[in-house]
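The values are calculated or read from the model by the stated rules, or taken from the named source; none is laboratory data. Since we're looking at a predicted model, the values are computed, not measured. Using ideal geometry, Cβ is built from the backbone for each residue, glycine included, and neighbour counts are taken over all protein chains shown.
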Amino acid sequence: RPATKALVEEGPSRIHELIEWGAKFDTVDGQLAFTKEGAHSRHRVLRAGGDATGSEMVRALSTKAQGLKNLKWLGNHFGVELLIQDGRCCGAIVLDEQKGVCKTILASAVLLVTGGAGQIYARTTNPPNATGDGIAMALRAGAILEDMEFVQFHPTSLYLPSSPPFLLSEALRGEGGILRNNRCEQFMKQYDRNQELAPRDIVSRAIWAEMQKTKARHVYLDVTHLGEKFLKERFPTIYSTCLRYDIDISEEWIPVSPSAHYFMGGVKTDLHGASNLPGLFAAGEAACSGVHGANRLASNSLLEGLVFGLRAAEAASTYAKTSSPPSSMTPSVARQSSTQHMSEQDVEKLRNSLRRLMWTKVGLIRTAESLRKALDQLQQWSRKLQVPPFNRTGLETQNMVQVGLCVTEAALWRTNSVGAHYREDIPFFKGLKWKVHSQCQQTRVSALGSHPKKAKRTVRS
């Protein structure tokens, strides 16, 4: 509740601030335009460029940040490890991908805003670099991860066998889009009174059930009744993207299926982004602020990023004023010269296998049996990846395995169904004793030369 209170009370100020910085949200008759999305009770979601709200926010924020003279940008650098000295976080090791060397960056405080880990799943709406790197680094450093079992699957991503999923905004259904199975039947009324605008977990599982019933790989989203003019104006990006795949959404139904979309869990933080490690802060999808609970409402992640991003930045700045970085630090980078146990080709194969495993065993529908099988395989891969190739692919894959382990362990521990976590073997909420958070933590272990088998992960309430 305190997190939600902060979100709704501070959200309007953050939006007006963004507008002052140049963000152009859609308007109607000079007033901000609002749309309705899944599980919302009214039209309260802002939009920009019809269906490009996130892109417009990033543009405005990037422009503002690039104009600040006290910021230093490091392009083509990959975070490898957080630095811990005397129990506090005091910097990071990063890989300069152009030069192929590691750099040590000392800092009074570190703020992780590295996003989620959708790429651990075979189907995801996330970009290729959403591999849980910040979350995994924090875990290895000793930070507590919270609620990692709660992974949201977006109901409607474009399904084309030879192409990656493309997110089809919930606003399509908010404007009247209809879900149909391959028998042309509108099916959502069988699953929830809110039909197409039910919460995402319900819609995703309904689609999955229809796919199983009809032995199909997808269902359809029908927006043909909305008309070409409206679709072009309201959803220009979606319209043009589908057209590139020879789908005219004003005349044809769109093949859709669920995809991994958002992690409610992440680095456990307080209301000001502080983790259990002094000097380490987190915000956005990398953090678990508690504002989303077990199942995020549509578009709330953007507002959370604005509200809690500022809170975390202010808290980190205040902390940094009272804490100096170490004058010097020589972390071990032994892994660069270690014998590689896996080739790059083997790592790529493992990565693809991992994504398939998480999709089939730790995806929308989970059981104790599927989770135990996944856990056993992930533990084997974790041992194999003790010394991966020292490049982005190798490091990302190791991070993906570690995050996958936390998701699986937390999902196995939570023996009930709630929000985005659905156990087919226990398809109900078991009462007040389960109104608790899962927490995942391991002993300090470095990915640079240390052995993950020495680390102990614990999942608890």
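Determine, yes or no, whether ASN194 is outside the structural domain of SER438 (by TED's automatic domain parsing), of a type in the set (S, T, N, Q) and within 30 Å of CYS288 (Cα to Cα). Here the answer is yes, as ASN194 does meet what is asked.
Matching residues to (1) within 23 Å of GLY118 (Cβ to Cβ); (2) modelled with pLDDT of 95 or more; (3) not basic (Lys, Arg):
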position	(1), (2), (3)
THR330	no, no, yes
SER338	no, no, yes
HIS341	no, no, yes
LYS349	yes, yes, no
LEU354	yes, yes, yes
LEU364	yes, yes, yes
GLN377	yes, yes, yes
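Being at pLDDT 55 or above, assigned by TED's automatic domain parsing to the domain that holds ALA136, within 15 Å of LEU375 (Cβ to Cβ) and assigned to a loop (DSSP other than H, G, I, E, B), is that true of even one residue in the range 428-438? Yes. From the list SER240, SER324, SER275, the lone residue that is surrounded by fewer than 21 Cβ atoms within 10 Å (Cβ to Cβ), modelled with pLDDT of 95 or more and not assigned by TED's automatic domain parsing to the domain that holds GLU9 is SER240. Just so you know, in the range 298-313 the residues that are in a helix (DSSP H, G or I) and farther than 14 Å from VAL113 by Cβ include one that is modelled with the lowest pLDDT, and it is ASN300. The C-beta contact set for the range 377-399 (first residue in the same structural domain as LEU95 (by TED's automatic domain parsing) and surrounded by fewer than 18 Cβ atoms within 10 Å (Cβ to Cβ), second residue among the acidic types (Asp, Glu) and in a helix (DSSP H, G or I), distance under 8 angstrom, 6+ apart or interchain) comprises ASN391/GLU344; THR393/GLU344; THR393/GLU348. Does GLY177 meet the test of being closer than 15 Å to THR156 by Cβ, at pLDDT 95 or above and not assigned by TED's automatic domain parsing to the domain that holds GLY38? So GLY177 passes the test.
Can you confirm whether ALA136 is touching a helix residue (DSSP H, G or I) at 6+ places or on another chain (Cβ under 8 Å), surrounded by 19 or more Cβ atoms within 10 Å (Cβ to Cβ) and within 23 Å of GLY419 (Cα to Cα)? So ALA136 does not fit the description; no.
Within the range 211-226, does at least one residue satisfy the condition of being hydrophobic (A, V, I, L, M, F, W, C), surrounded by fewer than 15 Cβ atoms within 10 Å (Cβ to Cβ), farther than 25 Å from ASN295 by Cα and at pLDDT 95 or above?
Restricting attention to the range 211-226, the residues satisfying the condition of being hydrophobic (A, V, I, L, M, F, W, C) are 211, 216, 219, 221, 223, 226.
So of that shortlist, the ones also surrounded by fewer than 15 Cβ atoms within 10 Å (Cβ to Cβ) come out as none.
No: the range 211-226 contains no residue that is hydrophobic (A, V, I, L, M, F, W, C), surrounded by fewer than 15 Cβ atoms within 10 Å (Cβ to Cβ), farther than 25 Å from ASN295 by Cα and at pLDDT 95 or above.
Of the residues contained in the range 375-398, none is found to be within 26 Å of ILE207 (Cα to Cα) and not small (Gly, Ala, Ser).
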